[in-house]
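This report concerns only the one structure given below.
The values are calculated or read from the model by the stated rules, or taken from the named source; none is laboratory data. Remember, it's a predicted structure, so these values are computed and weren't measured experimentally. Using ideal geometry, Cβ is built from the backbone for each residue, glycine included, and neighbour counts are taken over all protein chains shown.
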Amino acid sequence: MEFRQAIHSEHAKQLDTQGLRDQFLIEELFIQNKLTLVYSHLDRLIVGGVIPVDAPVQISTSMCKHTGTDYFLERRELGTINIGGPGKITVDGTLYSVNTHEALYIGKESREVQFESTDTTNPAVFYICCTPAHQKYPTRRVTLDEASPQTLGNAANSNERTIYKYLVPDVLPTCQLLMGMTRLEEGSLWNTMPCHTHERRMEAYFYFDMADDSVVFHMMGEPQETRHLIVRNRQVALSPSWSIHSGVGTGRYTFIWAMAGENQTFSDMDHIAMDDLR
């Protein structure tokens with residue numbers, strides 16, 4: 001488990017390129033047959049990744065030492081979206097098939113969680129987000145067809161995209177975790193522009209489906225003090241509540257967003273006028 005402390009906006013202004021990357025970018029999250037987790041002090045979000053190939057991968061009982069509880073999900077909920085081949089997740093003895101671009105919500109008080117691939121030649125790739133939880137809700141799979149879609153943007157502005165909301169109140173109940181996937185149309189490169197902040201929530205962007213030679217210029221920082229991160233395939237940008245979170249790629253890409261904080265109102269955004277960006 002790697003830890004990332006919360007960074008004040010005034011501190012962030014003093015960071016150089018490597019300093020920004022050290023604090024806000026997660027570069028390596030996927031190692032075959034190993035669960036990798038990063039604990040952010042931003043609303044206590046944990047992000048992780050696992051590619052089970054040769055054998056199932058479990059959430060180790062030793063992880064509870066990082067949460068100060070008897071077991072890892074005693075006071076937490078977990079969401080995962082599979083971006084690889086067909087997979088399976090076993091939660092307290094119940095097996096759930098989780099295929100490509102399907103999600104599984106795992107409720108608070110789940111004791112044993114195990115990830116595995118259906119076909120080891122085409123392994124599953126599970127991206128994980130985990131937040132504190134105060135209420136137990138049922139574990140449930142959400143398919144792409146069951147996710148709530150919203151199409152935004154247009155080709156003229158290079159930002160035509162569909163937002164698939166998997167873990168939102170319209171689809172299923174969660175305590176605070178919101179999670180979904182945004183897919184850009186061919187020829188579109190921009191996401192979340194015009195941009196916004198939301199003082200009441202942090203957010204993480206996980207970029208994937210990128211060509212090897214492609215990058216995303218992920219915009220961050222206060223609206224009048226913007227910076228950027230160069231993000232590559234299967235990397236995560238952490239966004240504090242005071243920061244914008246937007247990006248433009250050198251090629252097409254998809255990203256998974258996850259939020260945690262005060263509310264679950266997806267439209268609760270503080271929009272930034274283009275004239276106010278600096």
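Computed quantities for the displayed model
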item: Breaking point among (1) crowded, with 19+ Cβ neighbours inside 10 Å; (2) in contact (Cβ under 8 Å) with a residue 60 or more places away in the chain; (3) closer than 20 Å to S40 by Cβ, for G247; result: (2)
item: Residue in segment 22-29 that is surrounded by fewer than 20 Cβ atoms within 10 Å (Cβ to Cβ), in contact (Cβ under 8 Å) with a residue 12 or more places away in the chain and either over 18 Å from the mean Cα position of the chain (by Cα) or over 27 Å from T254 (Cβ atoms) (or both) present; result: no
item: In segment 127-155, the residues that are of a type in the set (V, I, T) and closer than 18 Å to Y96 by Cα; result: I128, T139, V142, T143
item: Only one of E199, E222 that is farther than 26 Å from L37 by Cβ, surrounded by fewer than 20 Cβ atoms within 10 Å (Cβ to Cβ), among the charged types (D, E, K, R) and modelled with pLDDT of 95 or more; result: E222
item: Strands (runs of 3 or more DSSP E) within segment 1-115 that include 2 or more residues under 21 Å from Q235 (Cα atoms), at pLDDT 95 or above and of a type in the set (K, R); result: none
item: Candidate set from segment 252-278 (those that are touching a residue at least 60 places away in the same chain (Cβ under 8 Å) and out of contact with any strand residue (DSSP E or B) (no Cβ under 9 Å at 6 or more places or on another chain)); member that is farthest from A133 (Cα to Cα); result: M274
item: Test: residue in segment 125-133 that is assigned to a strand (DSSP E or B) and surrounded by fewer than 22 Cβ atoms within 10 Å (Cβ to Cβ); result: yes
item: Some residue of segment 171-184 being at pLDDT 95 or above, over 16 Å from T151 (Cα atoms), touching a His at 6+ places or on another chain (Cβ under 9 Å) and of a type in the set (S, T, N, Q); result: yes
